[in-house]
Amino acid sequence: MWGRAGLSWRWNMRRRLCTVVPRRIEDEGDWFYSSEWWGSDTESEFNGNNVFRSVSDKGNGVVSVLAYPSSRPNKLYWPETEKLLHQRYAEMHPGYEHNGQFRILGYQWRVLRFNDTTRQSTAKVMAAYRESEPGSICLMQQADCLAIPYTKSMVSLGLSTIASSSYDLMAAVHGKKRMRILCIGHGGGSLPLFLASKIQGAVIHVVEIDPIVISASVQAMGFPAFSVMTPSGERALSKPDTIDDIMWKGIHERLYLYESDAEKFVLENKDLYDIIFIDAYDGDDIFPNKLWDPHSRFLKSLSNQLHPKHGTVVVNLHADTGTSNPNESISYFYQRLLPMGKYVYRICKAYKDVLIGKDQTCNRKTGCGLGFAISVPWVCNTSLVVCRGFGLDSGFVNKDEKNAILTKIRTDDPCRPKRAAYRGEAAPLGRLTVAKPPHWGGSTTAEPPH
């Protein structure tokens, strides 16, 4: 979920930064295409077709999914994707190739909303059917496409940071080692799906409190149904259906989507995670206090489940830089290092103190780790990163130290973007180009904007 930025401000900034120099856009989730699903100065954001609507009893109000036409990929590339789907079917069902002719109906943006106002997440979805079953339409979320800037920020910063500590990310990317990932907050599922598709060794646990959100992601946003788990810890489906297996084989087996309260899941779970992503705002745009209170059972249990040498936590926060900080007990030093509002500052300090504070030990050093926060362009969000690697004394670093570390991250990260999809404050943001699996979404080449 992301904070509300004024439409005119966002649009003017987009024109100023995106049209200075025409460029080819390879990333279909580039912010250049945001007008297709966000709305513009002349076109309402509510012109989308409502494809899902239900009422939540978990604090999210009315949960809905709106569909908008997508201009990419061009129809010229659809036959290539249809051929790839047929090849996958033939490999899995030899002798029945004639039943595996696929036809693409089109691509859409699907936007998950709470209470008709808050955009929770956005994904690109492909609709297709088999010619032998024309009445059976399947949806496939495009795993390569991260449409929201803060999801790009979370993924890029998280993987760049852990790769620059003691963790061998490339071994996990190529499936040579297991990478355990926890995602708290599911939404449409674009972040865990992206990670599972890019990192062959990733095993991803996703925790979502609202069953309506889970239903919306599977039924209307093309998230793999085989990932859904039961309260007993078993797969809700004993085996994936034929179409799901064709689209997601090798990926959905490593996704585990649990319906659970985050605190309850963390307290009962005993797994050790290499990296944890947290994006858990509710329908009222509130980040629950129990998920950041430094004295809460949640943070203490989360600390116990974070790898002691390289464990990394990435948290999406709504920026509140306009909020004054009248608390005189907060030192001038910390206020200079974190020029942000009191609310975000308190969350950042809580995660830093609990995860890498004086009670934590890394590489035989007490209070060891790195914490920093990066503002995300286009939307009013901040990405908080806390990592137990680097062998640094714990604390938030100042601007010069942060720039030096981020320069190291850009240099060391084998998965860094070839080109940032947008520019932010000293942040290596953009589309990751790692171990690309078979891409069912057609070509990702776009004409240069004018």
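So ARG113 passes all but one of these: (1) touching a residue at least 24 places away in the same chain (Cβ under 8 Å); (2) over 24 Å from GLU208 (Cα atoms). Which condition number does it fail?
Going through (1) touching a residue at least 24 places away in the same chain (Cβ under 8 Å); (2) over 24 Å from GLU208 (Cα atoms) one by one, ARG113 breaks only (2).
Let me confirm something: among ALA67, ALA123, ALA128, ALA90, which residue is assigned to a strand (DSSP E or B), assigned by TED's automatic domain parsing to the domain that holds TRP38 and more than 22 Å from the chain's Cα centre (by Cα)?
Checking each option against the conditions leaves just ALA128.
Every residue, every condition in (1) loosely packed, with under 14 Cβ neighbours inside 10 Å; (2) out of contact with any helix residue (DSSP H, G or I) (no Cβ under 7 Å at 6 or more places or on another chain), yes or no:
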| residue | (1), (2) |
| --- | --- |
| SER71 | yes, no |
| ASN74 | yes, yes |
| TRP78 | no, yes |
| HIS86 | no, yes |
| HIS98 | yes, yes |
| TYR107 | no, yes |
| PHE114 | no, yes |
| THR117 | yes, yes |
| THR122 | no, no |
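With respect to SER383, determine if the residue is among the small types (Gly, Ala, Ser), at pLDDT below 50 and either exposed (fewer than 15 other Cβ atoms within 10 Å of the Cβ) or touching a helix residue (DSSP H, G or I) at 6+ places or on another chain (Cβ under 6 Å) (or both).
Judged against the criteria, SER383 is not a match.
When you check ASP400 against the structure, is it assigned to a helix (DSSP H, G or I) and modelled with pLDDT under 80, yes or no?
So ASP400 passes the test.
Check GLU82 against each of (1) in a helix (DSSP H, G or I); (2) touching a Lys or Arg at 6+ places or on another chain (Cβ under 8 Å); (3) farther than 13 Å from MET140 by Cβ and name the one condition it does not meet.
With (1) in a helix (DSSP H, G or I); (2) touching a Lys or Arg at 6+ places or on another chain (Cβ under 8 Å); (3) farther than 13 Å from MET140 by Cβ applied to GLU82, the lone miss is (3).
Mind listing just one residue for me: the one in region 115-154 that is touching a strand residue (DSSP E or B) at 6+ places or on another chain (Cβ under 8 Å) and of a type in the set (Asp, Glu) and, of those, farthest from PRO224 (Cα to Cα)?
Looking at the filtered set, the residue picked out is ASP116.
The values are calculated or read from the model by the stated rules, or taken from the named source; none is laboratory data. What you see is a predicted model; the values in this text were computed from it and never measured. Backbone-built Cβ (ideal geometry, glycine too); neighbour counts: all protein chains shown.
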